[in-house]
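One structure is given below, encoded as structure tokens.
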Amino acid sequence: MQFLLDLSRFKKQLIAALVDAVCLPLTFILAIWLRYDTLDLRLLNHYAVLIIATPIVSLPIFTRIGLYRAVIRYIDQKIIGVVVLGVTLSVLSLAFISVMTHIAELSRAVFGIFWAGAILYVGASRLLERAYLLGARRPGLRTQVAIYGAGTSGVQLANALRNSPDHLCAIFIDDNKNLQG
């Protein structure tokens with residue numbers, strides 16, 4: 001997997017977009033399956049326009065809100081807000097398309113299930129990729145450090161070191177009994 005780490009930023013963004021272009025329609029199909037407890041050709045044909053439209057609508061929205069611009073290595077839990085916003089805009093756009101194309105007998109539950117599934121997929125994929133990248137960076141070559149002071153300054157230092165390719169916070173040391181443990 002080292003070749004993925006060595007790719008240019010643009011190529012990594014392109015790979016992320018291509019994976020989303022495949023996985024988002026699969027997530028929509030999964031939502032259909034979960035809603036109807038079955039998956040047959042009739043259902044897929046009924047929702048075909050929306051399945052095809054999913055990446056066409058979602059990828060530009062994700063690009064516009066900066067989801068592909070974010071450097072995965074440095075993201076944190078704040079990315080979840082961006083993911084929720086992007087997926088919500090995508091689902092609303094797909095619902096708008098379904099209204100404008102007069103697709104009859106669509107289940108609103110499919111949109112709700114897709115919304116939850118897409119948030120889970122997009123958020124988890126970014127956070128798992130971050131975890132992999134942080135673990136894959138020069139393993140074993142990071143210097144372990146101890147931080148004296150487990151208060152807010154120590155936590156801020158630990159957060160800064162978490163993104164460091166050279167240092168790894170191994171332990172907090174503090175003489176305040178309330179902060180120990």
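Summary of values
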| read-out | value |
| --- | --- |
| Gain in span if fully extended, Arg108 to Leu128, counting 0.36 nm per residue against the direct Cα distance | 4.2 nm |
| Within a Gaussian network of the chain (alpha carbon springs, distance under 10 Å), most fluctuating of Val91, Val57, Val145 | Val145 |
| Charge dipole (debye, nearest 20) of the chain; +1 at Cβ of Lys and Arg, -1 at Cβ of Asp and Glu | 420 |
| Residue among Tyr148, Tyr47, Tyr36 with the largest mean-square fluctuation in a Gaussian network model of the chain, springs linking Cα atoms under 10 Å | Tyr148 |
| Cβ-based net charge around Phe62, under 15 Å, with every Lys or Arg adding one and every Asp or Glu removing one | +2 |
| Amide proton proximity set for Cys169, modelled H, under 5 Å, gap of 5+ | Val145 |
| Kirkwood-based shape ratio for region 1-93, expressed as Rg/Rh from alpha carbons | 1.04 |
| Whichever lysines have a C-alpha closer than 30 Å to that of Lys78, once near sequence neighbours (fewer than 8 apart) are set aside | Lys11, Lys12 |
| Dipole axis of the chain (+1 Lys, Arg; -1 Asp, Glu on Cβ), positive-most option in Ile65, Val99, Ile29 | Ile65 |
| Label point distance in nm, Thr88-Ile171, each placed 7 Å from Cα along Cα→Cβ | 4.5 |
| By accessible area with a 1.4 Å probe, ligands and nucleic acids excluded, highest first: order of Lys177, Lys11 | Lys177, Lys11 |
| Exposure of Phe172 as accessible area (Å², to 10), given a probe of 1.4 Å and all protein chains | 90 |
| For the chain, the spread of Cα positions along each principal axis, largest first, Å | 67, 40, 29 |
| Span-rule helices in the chain, defined as complete DSSP H runs reaching 24 Å or more along the axis (Cα) with Kyte mean at least -1.0 | 9-36, 48-64, 79-100, 108-136 |
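The values are calculated or read from the model by the stated rules, or taken from the named source; none is laboratory data. A quick note: this is a predicted structure, and the numbers were derived from the prediction, not measured. With ideal geometry, Cβ positions are generated from the backbone for all residues, glycine too; neighbour counts draw on all protein chains shown. Ligands, DNA and RNA are stripped out before the accessible areas are found, and what is left, the full protein with its side chains, is counted by its heavy atoms. Shrake-Rupley method; radii C 1.70, N 1.55, O 1.52, S 1.80 Å.
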